[in-house]
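The values are calculated or read from the model by the stated rules, or taken from the named source; none is laboratory data. If you're wondering where the values come from, they're calculated on a predicted model, not measured in any experiment. Counting neighbours? That spans all protein chains shown, and the Cβs are built from the backbone with ideal geometry, glycine included.
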Amino acid sequence: MSTPNTTATLEEIVALCKRRGFVYQSAEIYGGLNGVYDFGHLGTLLKNNIRAAWLKSINEFGDVLQFEGSILGSEAVWQASGHLTNFSDPLVDCMSCKHRYRADDIDLDKSCPHCGNKQWTDVRQFNLMFKSQLGAATSSTNDVYLRPETAQSIFINVKNILSTNRVKIPFGIAQIGKAFRNEITPKQFLFRMREFEQMEIEWFCKDEDSLATFERWCSARLDFYRHIGLTMHNIRLHAHTKEELAHYSRMCNDVQYQFPFGWKELEGIAHRGTFDLSQHSQHSGKDLGVFDEELKSSYLPTVIECSVGVDRLFLTLLFDAYTEDIVEGEKRIVLKLSPTMAPIKAAFFPLTKKQHEPMSALYHDIKKKLGLAMQYDDSGSIGKRYRRQDEIGTPLCFTYDYDSANDNAVTVRHRDTTTQERIAVERVAEYIVDTLNSPFQKIY
Ligand code: ATP
């Protein structure tokens, strides 16, 4: 094997996603919808693995309740949260070619990168929320917004959740769901989308424990990224300066990843203090405090929030896993995803069509027994079948050959090393489970 190339370009990732059906441009047959994507079979499987790994990791931190809030939110919610006034990006237009930019993305002392002229409009604030109306009436009291983050639906339900579950501070409420932002310039594929999915945990604790809890969450989130197989030298924590802090944050650390387009935020870990609960208590007139049995009084708990985009993590995993090397004189693309993240866990090949019956029986048997995503492939040379699986990150391929009927064994081939070994048919299921459970280390 040659020295592998482990740095993919954005174009290579986009091409792979399209070629193998991970991601499609939304409404492509009608010219596409900018910043909106659909996910195919492999993409959906990968997303499910991301969601499952995230849920598992946050449950390991402590007591966590799950929640699924509505996507539509009334104006009152966004008024109280501050989004109506603060959730905006600076916008500027080129008066000559009418190109529109995020003002903090370009240098306004220079000419328009599109037409070369220097005729800028004033910079103005553009609110990123999508607005709509509930029902047929056109009164502004029916204004609703697609949520730009999942968190607020948790905060406004805190009273309901506390009165219907037996939880005590500290505890968390977790939500995975869609969020919408009318980004001025969606770009870098899944990095900046207009419709995307967030995984957010709001952790409620006592204020005196909040700094230690914030630190604990930062290290738990780094452990998560290590655990799902990301290369840790491409990950770092960036502490927000005073100028960078959002209006609701007391302190914030971004988990950043080194993308080909620079170090960028993958996840935000924010100490939100009591900002959200106190805003919603004031605006709704309802006490959102938690009753302390010892003090016999109610108080607003402090919130630590961890928020990461499913799609942004999807893109990160692909960048991190993408590898090109030479195997038997041929270039191959291999996704070195950890087995827990790989969309397909194992592939089953009969060497020729003659071995179809026993191999297809084994495939169906193992698939039923383990309930995992697997593939059966009997078309093309074995080499071609390996390449197809390498490109989508399948960790194990099993081949039933001429000797299998005699020795009741199959050949298992490992994605990263391409090494092969012979194992008994009755060990196949156990072999797959062991691979999924072993700590993952990329092998080059
Ligand atoms: P950025 O500075 O990159 O716009 P942000 O600080 O606005 O991000 P948050 O509001 O902290 O982002 O959102 C939490 C997480 O949601 C981000 O870390 C990211 O993973 C994801 N996310 C936010 N906006 C988008 C988007 N437009 N497309 C895809 N994922 C996003």
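Residue 249 satisfies every condition listed in (1) more than 12 Å from the ligand (Cβ to nearest atom); (2) over 17 Å from residue 312 (Cα atoms) except (1).
Would you pick out the residues in segment 1-58 that are within 15 Å of the ligand (Cβ to nearest atom), among the β-branched types (Val, Ile, Thr) and assigned to a loop (DSSP other than H, G, I, E, B)? The answer is 36, and nothing else.
Scanning segment 189-216 for residues that are over 15 Å from the mean Cα position of the chain (by Cα) and within 14 Å of the ligand (Cβ to nearest atom) returns a single hit, 202. Being within 12 Å of the ligand (Cβ to nearest atom) and more than 14 Å from residue 267 (Cβ to Cβ) is a property that does not hold for residue 172. Residues in segment 254-268 include none that are assigned to a helix (DSSP H, G or I) and crowded, with 18+ Cβ neighbours inside 10 Å. Scanning segment 109-137 for residues that are free of Cβ contacts under 8 Å to residues at least 12 places away in the same chain and outside any loop (DSSP other than H, G, I, E, B) returns a single hit, 133.
Among the residues of segment 16-44, just one is closer than 30 Å to residue 202 by Cα, surrounded by fewer than 19 Cβ atoms within 10 Å (Cβ to Cβ) and hydrophobic (A, V, I, L, M, F, W, C), namely 36.
Residues that are β-branched (Val, Ile, Thr), farther than 30 Å from residue 201 by Cβ and assigned to a strand (DSSP E or B) do occur in segment 87-103.
Taking segment 399-414 as the range and being surrounded by 18 or more Cβ atoms within 10 Å (Cβ to Cβ) and in a strand (DSSP E or B) as the test, the residues that pass are 399, 400, 409, 410, 411, 412, 413. Of all residue pairs spaced 6 or more apart or on separate chains, those with beta-carbon atoms under 6 Å, a first member in segment 293-315 that is closer than 21 Å to residue 152 by Cβ and a second member that is among the basic types (Lys, Arg) and within 14 Å of the ligand (Cβ to nearest atom) are 303/272; 305/272; 306/221; 310/47. Applying the set (1) away from the ligand (no atom under 14 Å from the Cβ); (2) surrounded by fewer than 19 Cβ atoms within 10 Å (Cβ to Cβ); (3) among the aromatic types (Phe, Trp, Tyr) to residue 275 leaves exactly one unmet item: (2). Here residue 405 fulfils each of the conditions (1) closer than 23 Å to residue 229 by Cβ; (2) at pLDDT 95 or above; (3) of a type in the set (A, V, I, L, M) apart from (1).
When 200, 195, 215, 208 are checked against the criterion of being modelled with pLDDT of 95 or more and crowded, with 21+ Cβ neighbours inside 10 Å, a single residue qualifies: 200. Taken residue by residue, segment 233-243 has at least one member that is among the β-branched types (Val, Ile, Thr), under 27 Å from the mean Cα position of the chain (by Cα) and either assigned by TED's automatic domain parsing to the domain that holds residue 179 or modelled with pLDDT under 95 (or both). Of the residues making up segment 20-74, those that are farther than 26 Å from residue 183 by Cβ and among the basic types (Lys, Arg) number 2.
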